[in-house]
Amino acid sequence: MKNQKQTSQQSEAAKQAQLNRQKKKGSSLGFFSKYSTQISVALFGSLLLGAIISVMIPTGKKLTENVIVEEEIAQHNAQNYSFKIGPNTIFKDTTLASTQKLFLNQISHKQSLIRCPSEQDQNIIDLSFNFHTKYPQCVRPIANQGKDCSASYSIAAVSSVADRLCMASEGDFNFGLSAQPTISCYENQSYKCEGGYVSKTFQKGKTTGFVKEECLPYHGTDSNEGCSLIDKCEHFKIYDYCVSAGQESIKREIMLNGPVVSLMNVFSDFLVYKSGVYRVLENAAKLKGQQAVKIIGWDIDPLTKDYYWIIENSWGEEWGLNGLAYVAMGQEELRLEEYALAAITLQQAETASSQQAKAQSQGSTLNYDEI
């Protein structure tokens, strides 16, 4: 009897355990059954949201597309980007592919360049600096290189020389210098409208000098028409040219001696830049080649507290902020702050501090891989 009672108790315990397992299993199934609709809806919602986002955010511009697309401009400006975009004259009815002929520019034909003497200076760098604000008497109209001439290597370099001559003379020299002779008048000086070296432009300023804009105005071609006139015009030479590398060195050189020239990689969104602090968008198409620009200063983004460069371009005053752009520092994909070339004016070289720095710089060079 005792064994039968134990067997009966074991049987009841087994049945109870089975019931508990079924309840537990049923509870799990019940949860899924209860919330399966919500889970499916949530999953569908996520997929739908992803689909909407994929439609809203372009996957990348193709080179066959036009630079200026009104729908893209409106869509971009409706979102919370750090910069605005807009139409301009220079790239109207132009494809991305066709703009690449403008970016055939290089920084230097030399592998070893003299470091700028300003690197020896120990003064504190200003938090912000704008050459146009500091020297308003030296500001001149923004150049427009046109759609068919890769001339920024000459325009940026010659313009920076005019700025530095104006700064060194405390505003007495306030004339524009012509970028045209180094494009069309000297054999083996450049590749004409097919691009050239910033360094060769400075080299010509050292050996021959530059003429005023009025002597041979820029005309956006590499025709040698008018080149015979430049021999009759006054020439303005520079003493030499040098290189600064990195943010701090470039800032110091601009603050002490005036604007510098650098190259930057070009992305599709930069072609339609209008205002704000430019940061390359993830979906922007990278174009072949580089644009030479003049860096005239820097400032701080009030929203992000990040630093940005103030650059002067050569796409006319309808582009950007009346021809200028604010470009966030530290963007490795742009390569803007890797190297910057600067003219050394005769006035700079004549000062005692520059003479000392010049002697030091004779043994101080920077080797670099050509960009």
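Only the coordinates and a few stated rules stand behind these numbers; no lab work does. Note that the structure is predicted; figures quoted are calculated from it, not measured. Reconstructed Cβ throughout: ideal geometry from the backbone, glycine too, with neighbour counts over all protein chains shown.
Dimensions of segment 251-330 along principal axes (Cα, Å, largest first)?
On the principal axes, segment 251-330 reaches 37, 28, 23 Å in Cα extent.
With label points built 7 Å along Cα→Cβ from the Cα atoms of Glu333 and Asp231, find their separation and express it in nm.
Going by the 7 Å Cα→Cβ label model, 5.1 nm.
In whole Å, what is the distance between the alpha-carbon centres of segment 57-101 and segment 235-294?
21 Å
What distance in nm separates the two pseudo spin-label positions at Glu214 and Glu71, each 7 Å out from Cα along the beta-carbon direction?
5.1 nm
Please figure out what share of the DSSP beta bridges in segment 70-367 is antiparallel and state it in percent, rounded to the nearest 5. Let's see the in-between values first.
Details: 37 of 43 bridges.
Here the antiparallel bridges make up roughly 85 percent for segment 70-367.
What does the net charge come to around Met329 if you take all other residues with beta carbon closer than 14 Å to its beta carbon, with K and R at +1 and D and E at -1?
Charge balance near Met329 sits at -4.
Place the peptides 176-186, 244-254 in order of packing, highest mean first, counting for every residue the other Cβ atoms within 10 Å and averaging per peptide. Let's see the in-between values first.
Working: 176-186: 24.7, 244-254: 21.2.
Per-residue mean Cβ counts within 10 Å order the peptides as 176-186, 244-254.
Counting residues in segment 70-367 as N, plug N into 2.2 N^0.38 Å and put the Cα Rg over that result. The partial results should precede the final answer.
Working: Rg = 18.5 Å, N = 298, 2.2 N^0.38 = 19.2 Å.
With N residues counted in segment 70-367, Rg over 2.2 N^0.38 Å equals 0.96.
So for each of 77-89, 309-321 I average, over its residues, the number of other beta carbons within 10 Å; can you give me the resulting order with the highest mean first? Show your work: numbers first, answer last.
Values: 77-89: 14.7, 309-321: 22.7.
Put in order of decreasing packing, that is 309-321, 77-89.
Kindly provide the GluC sites (Glu not before Pro) of segment 139-205 that DSSP labels as loop, not H, G, I, E or B, and whose Cβ sees at most 14 other Cβ atoms within 10 Å. Spell out each step's value before the answer.
Values: sites: Glu170, Glu187, Glu194; in loops: Glu170, Glu187.
Hits after loop and neighbour filter: Glu170, Glu187.
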